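Step one of this worksheet: look at the structure below.
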Amino acid sequence: MAVTVKLPTQLRDAAGNQPEAKVEGATVGEALSSLYEQHGDLRSRMSDDGGGLRRFVNVYLGGEDIRFLDGLETPVADGDELTILPAVAGG
Amino acid sequence: MPADALKCKECSTTYPLEARYVCERCFGPLEVAYAAPAGAADELRRRIQAGPHTLWRYADFLPLEGPPRSALPTGWTPLVKADRLAERLGLRELWIKNETANPTHSFKDRVVSVALARAIELGFETVACASTGNLANAVSAHSAAAGLPSYVFIPSDLEQEKILATGAYGTNIVAIRGNYDAVNRLCTEVAGERPSWAFVNVNVRPYYAEGSKTLAYETAEQLGWELPDRVVAPIASGSLFTKVARGFQDFIDAGLVSGQVPVMCGAQAEGCSPVAQAFAAGTEVCRPVKPDTIAKSLAIGNPADGPYAVELANRTSGSIESVTDDEIRAGIRLLAETTGIFTETAGGVTTAVLAKLAAAGKIDPAERVVAYITGDGLKTLDAVRDAANVTEIAPSVDEFDAAFAAAGVS
């Protein structure tokens with residue numbers, strides 16, 4: 001599945017200063033692995049030692065927080081859009 | 001200014017004091033780090049006491065370069081001894097910090113004062129926020145007073161009172177079809193694309209959050225430079241809750257008060273209680289929820305400082321409790337009937353949790369307790385719409401006597 005990942009400004013320097021990346025995968029987790037293969041520096045910034053997401057990284061699929069779906073196991077379809085955002089705003 | 005850096009709460013990486021809020025290495029939240037205040041404690045205390053009757057009297061503990069200024073003076077709100085409420089709850093010493101007395105009737109005037117002052121120092125000319133209502137009020141009022149344009153992003157189903165009171169200041173209200181978490185997500189994206197805008201609770205959030213510390217400074221000073229034993233405060237994002245504790249710690253570290261950080265008790269509405277649920281489950285991981293509560297000002301389903309709030313409650317032997325919408329309405333009424341302070345739903349949550357802790361015997365009657373009432377009841381009138389006792393009569397003494405015969409004549 002071809003998926004677009006929208007990157008927040010804080011991560012763009014680790015992704016060739018691009019605002020988004022085109023990746024492949026059947027789940028959110030696979031799409032993020034594909035992202036890390038393209039841009040190796042993103043892995044340590046986004047994922048923890050156990051391969052999960054760091055606790056202040058939010059990922060949205062089509063606007064919905066993936067924690068309301070099946071997390072990294074959530075299936076993705078061709079043309080889907082993932083958005084990565086810092087979790088520390090608001091309040 | 002004793003502030004010397006922005007520091008990541010997760011990995012301790014430091015950054016200059018700019019408009020940034022996220023650690024680029026680990027995405028953790030950035031917080032202002034300070035050098036120790038200059039001079040002896042006595043000198044510092046005298047400097048505070050000689051300051052204005054606003055939150056700027058605590059400038060030694062705030063992240064501003066120049067002498068702090070604001071066109072809309074904020075803070076130094078009453079700390080009210082609530083003897084009748086204490087008696088009702090079986091407590092000995094209870095104080096209410098009445099934040100309805102701020103210019104836009106909530107504690108948000110504090111955080112906006114600091115955020116706006118710092119934003120002006122950093123050269124911003126447009127102000128914005130993601131709000132559940134009270135923040136929109138404060139941002140629009142303080143921006144108007146400073147002569148800056150503002151954009152406030154709110155959930156479209158917000159209470160009419162909050163929308164109308166915000167609109168009065170001539171701000172641009174952006175009503176989002178979605179809940180607060182959707183508003184917050186949008187603002188995080190917009191903030192990234194409009195770096196010339198100061199989003200008070202996004203890109204200048206580290207400075208904004210510092211404003212809540214003044215709630216603790218004032219409380220300690222108003223108690224005669226002493227500490228409470230226990231604090232009850234509401235939790236939405238968890239920022240106020242954690243910063244109040246930080247404020248008490250600052251005063252302890254500076255030698256202005258002696259003792260330890262109070263037992264910290266957090267209050268949430270059951271219909272939006274991700275932090276209370278995490279506390280009950282014994283984890284710091286706050287699983288996000290879809291809010292469904294009348295306490296809209298606390299309706300943050302994805303709380304940024306949730307993990308730190310849980311950690312703080314545990315560290316101080318406190319707790320985080322939740323209450324139902326009916327308990328919230330009862331809390332509003334209890335506070336009004338015993339103290340004369342009419343609070344919004346968030347204050348109903350705080351009062352109801354205070355009552356719940358007292359009823360469960362979790363508060364030692366010898367304790368000195370402070371409850372933070374963060375907003376005004378006129379902002380959430382729907383919550384009390386059915387509570388008023390109204391007797392309609394003709395303008396006739398006979399009808400009045402008939403209706404109130406039981407009230408007696410003296």
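Couple of notes before you dig in:
- Average partner coverage of A:29-38, which counts Cβ from other chains inside 10 Å: 0
- Two-decimal log10 I(q)/I(0) for the protein assembly as shown, as the Debye equation yields it once each C-alpha is a single scatterer, q = 0.12 Å⁻¹: -1.07
- Inter-part distance where the range A:17-91 and the range B:39-67 are each reduced to a Cα centre, Å: 45 Å
- Anisotropy class of the range B:99-161 from Cα gyration tensor, a/c 1.5 cut: oblate
- Listed residue (B:F124, B:A182, B:P206) projecting farthest to the positive dipole end of the range B:108-206, Cβ model: B:P206
- The residues neighbouring B:K162, those whose beta-carbon lies less than 12 Å from its own, together hold a net charge of -3 under the Lys/Arg +1, Asp/Glu -1 convention.
- Counting neighbouring beta carbons within 10 Å and listing from fewest to most, the residues B:K296, B:K97, B:K81 come out as B:K81, B:K97, B:K296.
- Label point distance in nm, A:R43-B:D253, each placed 7 Å from Cα along Cα→Cβ: 3.7 nm
- Judged by the ratio a/c of the largest to the smallest principal axis of the C-alpha gyration tensor, the range B:108-206 counts as oblate, that ratio being 1.5 or greater while a/b is no larger than b/c.
- Taking Cβ atoms as reference points and 9 Å as the exclusive limit, the residues near B:A198 contribute a net charge of 0, counting Lys and Arg as +1 and Asp and Glu as -1.
- Counting only Cβ charges, +1 for Lys and Arg and -1 for Asp and Glu, the dipole size of chain B around its Cα centre is about 780 debye.
- Loop trypsin sites (Lys or Arg not before Pro), the range A:27-89, which have at most 10 other Cβ atoms in a 10 Å radius of their Cβ (DSSP): none
- Distance between the range B:357-410 and the range B:197-231 - C-alpha centres, whole angstrom: 31 Å
- Ranking A:G91, A:T4, A:I66 by how far each Cα lies toward the positive end of the dipole of chain A (charges on Cβ) leaves A:G91 at the top.
- Relative contact order of the range B:140-288, taken over Cα pairs closer than 8 Å and 6 or more residues apart, is 15 percent.
- A helix-only calculation puts the protein assembly as shown at -10000 deg cm²/dmol for mean residue ellipticity at 222 nm, using -39500 (n - 2.57) for each DSSP H run of at least four residues, averaged over all residues.
- Net charge dipole size for the protein assembly as shown [Lys, Arg +1 and Asp, Glu -1 on Cβ; Debye, nearest 20]: 980 debye
- For chain B, the normalised intensity computed at q = 0.12 Å⁻¹ comes to -0.92 (log10 of I(q)/I(0), Debye sum over alpha carbons, equal scatterers, no solvent).
- Neighbours of A:D41 by Cβ distance under 15 Å: Lys/Arg scored +1, Asp/Glu scored -1, total +2.
- Shielding by partners - mean other protein chain Cβ count within 10 Å, residues of B:179-190: 4
- Ranked by how many other beta carbons lie within 10 Å on average, peptides B:46-56, A:3-13 from highest: A:3-13, B:46-56
- For B:K296, a cut-off of 18 angstrom between C-alpha atoms picks up these lysines, skipping any fewer than 8 places away in its own chain: B:K108, B:K162, B:K379.
- The residue list B:L30, B:A41, B:C11 was ranked by how far each Cα lies along the charge dipole of the range B:1-111 toward its positive end, using unit charges on Cβ atoms, and B:A41 comes out on top.
- Its Cα centre serving as origin, the range B:295-374 has a Cβ charge dipole (Lys and Arg +1, Asp and Glu -1) of approximately 60 debye.
We did not get these values from a lab; they are worked out from the coordinates using the rules stated. Being a predicted model, the structure only gives us computed values, none of them experimental. Note that each Cβ is placed from the backbone with ideal geometry, even for glycine, and that neighbours are counted across all protein chains shown.
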